[in-house]
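The values are calculated or read from the model by the stated rules, or taken from the named source; none is laboratory data. Fair warning: this is a prediction, and the values are worked out from it, not measured in the lab. Here Cβ is always computed from backbone atoms with ideal geometry, including for glycine, and neighbour counts include all displayed protein chains. Heads up: the accessible areas ignore ligands, DNA and RNA and are worked out on the full protein's heavy atoms, side chains in. Shrake-Rupley method; radii C 1.70, N 1.55, O 1.52, S 1.80 Å.
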Amino acid sequence: MNDWPTVLLGVGAAIAVSAAAVTVAWLHTRRTSVDAARDGVSAYAVGRYGPQYRFQVVACGLSALVLAVALARLGPAPVGGLGLLVVYGLTRIAIAAFPTDLDGPLTRTGQIHALLAAAAFIAIGIAAPTIGEFVVREADARVTTVLAVGATGSARTAVLVALSAAVPLAVLATFGAGSTPRTRRVFGLVERLFYVASLSWLIVVAVLVADTAARGS
């Protein structure tokens with residue numbers, strides 16, 4: 001029997017995170033003083049494009065929370081992974097109220113921003129492999145449609161497996177890039193790889209959840 005509420009939740013999560021991804025891409029087309037190689041994406045929060053930055057983190061956070069509900073409805077999802085996905089969603093939403101410090105010593109607001117960002121990165125980095133494994137198992141257990149023209153079910157789940165491994169690796173690389181003055185010069189570039197990996201992972205999981213629920217048990 002098709003589970004249409006879960007389908008709608010998955011579709012809603014996919015739309016929300018896609019809106020976040022499009023907004024992040026759009027921010028990078030604007031003429032600003034942000035150095036994409038050195039500065040984090042959060043640098044866009046300071047200045048005229050602050051509202052757009054806040055929109056994308058809130059949209060991403062809401063997507064994660066909606067996706068957590070959809071995953072819980074889909075089957076016996078790992079509780080730890082769901083909890084970490086909720087932590088990721090809440091911290092992404094909360095970070096909208098705490099812009100980063102661009103230069104100089106950290107302010108209290110900047111310190112909160114850094115803590116929220118670290119919590120979000122760690123949460124999704126740990127959650128991605130466990131949730132990815134669960135979604136692949138559920139998808140393979142049901143009759144599913146293709147994700148895109150010419151894609152098979154095995155190819156689709158292979159993409160999720162790859163992204164589930166890429167997210168924690170991107171988290172580690174981002175923390176490593178921010179650890180020394182020398183590597184800090186490429187922090188922005190590495191963090192953007194994390195954005196690509198994590199947003200892609202959220203989109204693929206949301207689409208697979210919706211597709212799997214639509215096929216029924």
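Laid out as a table, the results:
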item: Rounded tilt (10° steps) of 108-140 against the dominant C-alpha axis of the chain; result: 20
item: Distance in nm between pseudo-label sites at HIS28 and ALA155 (7 Å out along the Cβ direction from Cα); result: 2.5
item: Segments 164-170, 109-115 sorted - mean Cβ within 10 Å per residue, highest first; result: 164-170, 109-115
item: Among (i) 0.92; (ii) 1.03; (iii) 1.09, the entry that matches Cα Rg over 2.2 N^0.38 Å as calculated here; result: (ii)
item: Förster radius 25 Å - calculated FRET efficiency between ALA165 and LEU8, Cβ distance, rounded to 0.05; result: 0.30
item: Spin-label proximity, ALA141 to the range 189-213 - amide N less than 20 Å from point 7 Å beyond Cα toward beta carbon; result: 205-213
item: Peptides 95-101, 173-179 ordered by average Cβ neighbours within 10 Å, highest first; result: 95-101, 173-179
item: The chain - percent relative contact order, Cα under 8 Å, separation 6 or more; result: 32
item: Sequence of VAL209, VAL190 when ordered by accessible area, the most exposed leading, probe 1.4 angstrom; result: VAL190, VAL209
item: Under 5 Å, built H, 5+ apart or other chain: amide partners of ASP39; result: GLY188
item: Sulfur and carbon atoms: percent of accessible area, the range 6-155 [1.4 Å]; result: 67
item: HN-Hα J in Hz across the range 18-23 - Karplus 6.51, -1.76, 1.60, θ = phi - 60°, x for Gly and Pro; result: 5, 4, 5, 5, 5, 5
item: Sites ASP35 and ALA97, calculated FRET efficiency, Cβ-Cβ separation with R0 25 Å, nearest 0.05; result: 0.50
item: Radius, Kirkwood style, for the range 1-114 when every pair of distinct Cα atoms is counted (Å); result: 15.4
item: Only Lys, Arg (+1) and Asp, Glu (-1) charged, at Cβ; the chain dipole about Cα centre in debye; result: 420
item: Residue-normalised accessible area of the range 77-217, given per residue in Å² at a 1.4 Å probe; result: 47
